[in-house]
Amino acid sequence: MGQIPKIKQLQTTAAGTITIDWNAVEEIIGFQLHDNIKDFYSRILGSKNKHGMISGRIKYDPARFVKRYVNEEDWLEDANRGLNHAEFSLNLLTQTDVDYVAGYLRNAFKGDWTGGNDFGHRAYIGEILINIGQISLVFNNDTGEYEWVDFGYGYYDIYSDNPYGIVADSTQEFLDKFILVK
């Protein structure tokens, strides 16, 4: 049984380490993928035992985690009730087969997580869990930005053009936000 990947491995492995035929994947899903999402998914594979997920506890400082607020100014500032850590999970591919990757990305962009709502070209990539609950982490394929949103009790708003905030503009900047609690 292989070692379950860790966030540090994802942070320090170069993009393109995992070879994926992105042209074939894009042909199947019907649109071009932003280089940042290719960067994210081409570093390491997730363990099939954990359904491709990396998880753990990170230091949580909303002033550092949120690069900029878009519509919900300071929304996360007091959301963790003074706790300085959060649980996180990030979803990874578990194999490089073109049909698998295309199906995985189709689900990431249009799967059950959307509740049937239109999120534009956004893919669900993970979450952080804080005192108020799950904060979803999504990737905006149109801008290349990593965004966050709090859906709260099933209320989705008009998210296709309405992120709550931006976590990062690049994959490495996004990954560097995950500092483990020792």
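The values are calculated or read from the model by the stated rules, or taken from the named source; none is laboratory data. This structure is a prediction, so every number in the text was calculated from the model and none was measured. Backbone-built Cβ (ideal geometry, glycine too); neighbour counts: all protein chains shown. Areas reflect the complete protein model, heavy atoms only, side chains present, ligands, DNA and RNA absent. Shrake-Rupley method; radii C 1.70, N 1.55, O 1.52, S 1.80 Å.
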Q: Would you please list the contacts, defined by Cβ atoms under 6 Å and residues six or more apart or on different chains, that run from a residue in region 1-27 that is modelled with pLDDT under 95 to a residue that is open to solvent by 80 Å² or more (accessible area, probe 1.4 Å) and not aromatic (Phe, Trp, Tyr)?
A: ILE4/LYS50
Q. In region 64-123, what count of residues is obtained for those that are within 30 Å of GLU27 (Cβ to Cβ), open to solvent by 40 Å² or more (accessible area, probe 1.4 Å) and either β-branched (Val, Ile, Thr) or under 17 Å from the mean Cα position of the chain (by Cα) (or both)?
A. 8
Q. Hey, does region 46-53 have a residue that's open to solvent by 30 Å² or more (accessible area, probe 1.4 Å), touching a strand residue (DSSP E or B) at 6+ places or on another chain (Cβ under 9 Å), modelled with pLDDT under 95 and farther than 21 Å from VAL181 by Cβ?
A. yes
Q: Would you check which residues across region 124-134 are part of a strand (DSSP E or B), among the β-branched types (Val, Ile, Thr) and either open to solvent by 10 Å² or more (accessible area, probe 1.4 Å) or in contact with a Lys or Arg (Cβ under 6 Å, 6 or more places away or on another chain) (or both) and list them?
A: ILE130
Q. Hey, which of the helices (runs of 4 or more DSSP H) in region 1-73, taking only ones fully inside, have at least 3 residues that are closer than 25 Å to TRP148 by Cβ?
A. 7-12, 35-41, 62-65
